[in-house]
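Peer 1: Dumping the structure here so I can ask a few things about it.
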Amino acid sequence: MKSYYAKKAGIDPSKMYVVSVMPCTAKKFEKIRPEMINDSLQNVDSVITTRELARMIKQANIHFTTLEDSEFDDPMGEATGAGAIFGTTGGVMEAALRTAYESLTGEELKQLDFEEVRGKKRIKKATIKIGDKEVKVAVAHGLSNAREILEEIKSGETDYQFVEIMACPGGCIMGGGQPIVTSKKRNEVDVRAERAKALYNIDKNSKYRKSHENPTIKKLYEEFLGKPGSHKAHELLHTTYKKREKYI
Ligand code: SF4
């Protein structure tokens with residue numbers, strides 16, 4: 001936002017105030033990490049959770065059901081189905097597989113749904129055939145399951161080419177900042193399954209279902225980032241993690 005978007009919109013990035021709406025309380029800490037600073041500017045100034053946003057909407061007496069639908073603002077307004085499913089366990093993996101398949105084989109992927117990585121099983125393992133290659137993948141959600149898969153890798157028992165880990169059981173749809181599910185509600189409806197279903201429906205009905213086909217993303221690379229994995233892309237889109245003390 002403070003680089004590409006600021007340039008496109010002709011705004012001085014030091015005068016921008018970026019607010020992220022997140023399913024995740026951990027993002028409130030993440031925004032102050034030194035890795036999230038570029039050109040001396042913090043990438044994100046404020047993080048509010050979806051639950052906080054919902055409360056603000058209610059306080060302002062805004063009734064969503066009576067509002068007209070509208071599109072997101074350009075030039076960053078276009079999203080894909082692949083992006084939508086990031087919110088559920090296995091979604092990042094599935095989105096990446098769609099792109100990996102086409103970039104490695106140069107062929108069109110016809111069957112877009114990777115059922116092997118969907119569902120609420122605590123650890124999902126699969127071998128996916130991409131052209132003449134066999135790609136071993138694993139998906140874990142919930143930290144005890146993540147630990148299990150990491151221990152397996154550490155011991156040399158298995159080798160995976162790609163591992164997806166989500167800290168929250170079910171993925172971001174059940175993040176700590178999401179609307180709270182009361183025990184009464186939990187008895188009435190499987191909220192996790194319903195939220196996942198909603199994302200898969202968005203994906204199914206999306207005009208674009210592969211990240212690399214998103215016209216906005218294509219333009220972003222053409223005009224600004226260069227190639228995927230370029231120096232600039234690394235600087236702005238990637239990060240690294242190191243062990244830190246639990247309490248600072
Ligand atoms: S899985 Fe949970 S901790 Fe991880 S980004 Fe999503 S909401 Fe945050």
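Peer 1: Residues that are out of contact with any helix residue (DSSP H, G or I) (no Cβ under 6 Å at 6 or more places or on another chain) and either modelled with pLDDT under 95 or part of a helix (DSSP H, G or I) (or both): does segment 41-49 have at least one?
Peer 2: no
Peer 1: Tell me the helices (runs of 4 or more DSSP H) entirely within segment 145-248 that contain at least 1 residues that are under 22 Å from the mean Cα position of the chain (by Cα) and in contact (Cβ under 8 Å) with a residue 40 or more places away in the chain. Before you say what the answer is, go through the steps one by one.
Peer 2: Details: elements: 183-188, 191-204, 215-220, 231-237.
Those helices (runs of 4 or more DSSP H) span 191-204, 215-220, 231-237.
Peer 1: May I ask you to verify whether residue 173 is among the aliphatic types (A, V, I, L, M) and at pLDDT 95 or above?
Peer 2: On the way: among the aliphatic types (A, V, I, L, M): yes; at pLDDT 95 or above: yes.
The answer is yes for residue 173.
Peer 1: Return the residues of segment 159-200 that are among the hydroxyl-bearing types (Ser, Thr, Tyr) and either surrounded by fewer than 13 Cβ atoms within 10 Å (Cβ to Cβ) or near the ligand (Cβ under 10 Å from one of its atoms) (or both); say none if nothing qualifies. Quick ask: steps written out before the conclusion?
Peer 2: First pass over segment 159-200, keeping only residues among the hydroxyl-bearing types (Ser, Thr, Tyr): 160, 182-183, 200.
Selection gives 182, 183.
Peer 1: On to the next question. Which residue pairs have Cβ atoms closer than 8 Å, lie 6 or more positions apart in sequence or on different chains, and pair a first residue in segment 7-24 that is more than 16 Å from the ligand (Cβ to nearest atom) with a second residue that is open to solvent by less than 50 Å² (accessible area, probe 1.4 Å) and among the basic types (Lys, Arg)?
Peer 2: From residues that are more than 16 Å from the ligand (Cβ to nearest atom), the pairs are 13/2; 16/2; 18/2.
Peer 1: Okay, moving on. If residue 56 satisfies all but one of (1) open to solvent by 80 Å² or more (accessible area, probe 1.4 Å); (2) within 16 Å of the ligand (Cβ to nearest atom), what's the number of the condition it fails?
Peer 2: Every condition holds for residue 56 apart from (2).
Peer 1: When you go through 154, 125 one by one, which is the residue that is among the basic types (Lys, Arg), under 25 Å from residue 101 (Cα atoms) and either touching a strand residue (DSSP E or B) at 6+ places or on another chain (Cβ under 8 Å) or away from the ligand (no atom under 16 Å from the Cβ) (or both)? Steps first, answer last, please.
Peer 2: Values: 154 fails: under 25 Å from residue 101 (Cα atoms).
Step by step, each of 154, 125 is checked, and only 125 is among the basic types (Lys, Arg), under 25 Å from residue 101 (Cα atoms) and either touching a strand residue (DSSP E or B) at 6+ places or on another chain (Cβ under 8 Å) or away from the ligand (no atom under 16 Å from the Cβ) (or both).
Peer 1: On to the next question. Can you name the residue in segment 84-110 that is outside any helix (DSSP H, G or I) and away from the ligand (no atom under 15 Å from the Cβ) and is also surrounded by the most Cβ atoms within 10 Å (Cβ to Cβ) among such residues?
Peer 2: Narrowing segment 84-110 to residues outside any helix (DSSP H, G or I): 88-90, 106-110.
After this cut, where a residue has to be away from the ligand (no atom under 15 Å from the Cβ) as well, the list is 106-110.
On the way: 106: 8, 107: 10, 108: 8, 109: 16, 110: 6.
The residue in question is 109.
Peer 1: Would you pick out the residues in segment 37-49 that are open to solvent by 40 Å² or more (accessible area, probe 1.4 Å) and either within 16 Å of the ligand (Cβ to nearest atom) or touching a strand residue (DSSP E or B) at 6+ places or on another chain (Cβ under 7 Å) (or both)?
Peer 2: Kept after step one, since they are open to solvent by 40 Å² or more (accessible area, probe 1.4 Å), are these residues of segment 37-49: 37, 39-43.
If the condition is that a residue be open to solvent by 40 Å² or more (accessible area, probe 1.4 Å) and either within 16 Å of the ligand (Cβ to nearest atom) or touching a strand residue (DSSP E or B) at 6+ places or on another chain (Cβ under 7 Å) (or both), then 43 is the only one that fits.
Peer 1: Limited to segment 111-144, what total is found for residues that are of a type outside the set (A, V, I, L, M, F, W, C), closer than 21 Å to residue 210 by Cβ and assigned to a loop (DSSP other than H, G, I, E, B)?
Peer 2: 4
Peer 1: Right, next: Taking the stated definitions as given, is residue 101 farther than 24 Å from residue 215 by Cα, aromatic (Phe, Trp, Tyr) and more than 15 Å from the chain's Cα centre (by Cα)? Let's see the steps before the verdict.
Peer 2: Numbers: farther than 24 Å from residue 215 by Cα: no; aromatic (Phe, Trp, Tyr): yes; more than 15 Å from the chain's Cα centre (by Cα): yes.
No; evaluated as a whole, the condition is false for this residue.
Peer 1: May I ask you to verify whether residue 237 is in contact with a Leu (Cβ under 9 Å, 6 or more places away or on another chain) and open to solvent by 60 Å² or more (accessible area, probe 1.4 Å)?
Peer 2: Details: in contact with a Leu (Cβ under 9 Å, 6 or more places away or on another chain): yes; open to solvent by 60 Å² or more (accessible area, probe 1.4 Å): yes.
Against the criterion (in contact with a Leu (Cβ under 9 Å, 6 or more places away or on another chain) and open to solvent by 60 Å² or more (accessible area, probe 1.4 Å)), residue 237 qualifies.
The values are calculated or read from the model by the stated rules, or taken from the named source; none is laboratory data. These numbers come from a predicted model, not from an experiment. Every residue, glycine as well, gets a Cβ built from its backbone with ideal geometry; the counts of neighbours run over all protein chains shown. Accessible surface is based on the protein model in full, side chains and every heavy atom, while ligands, DNA and RNA are left aside. Shrake-Rupley method; radii C 1.70, N 1.55, O 1.52, S 1.80 Å.
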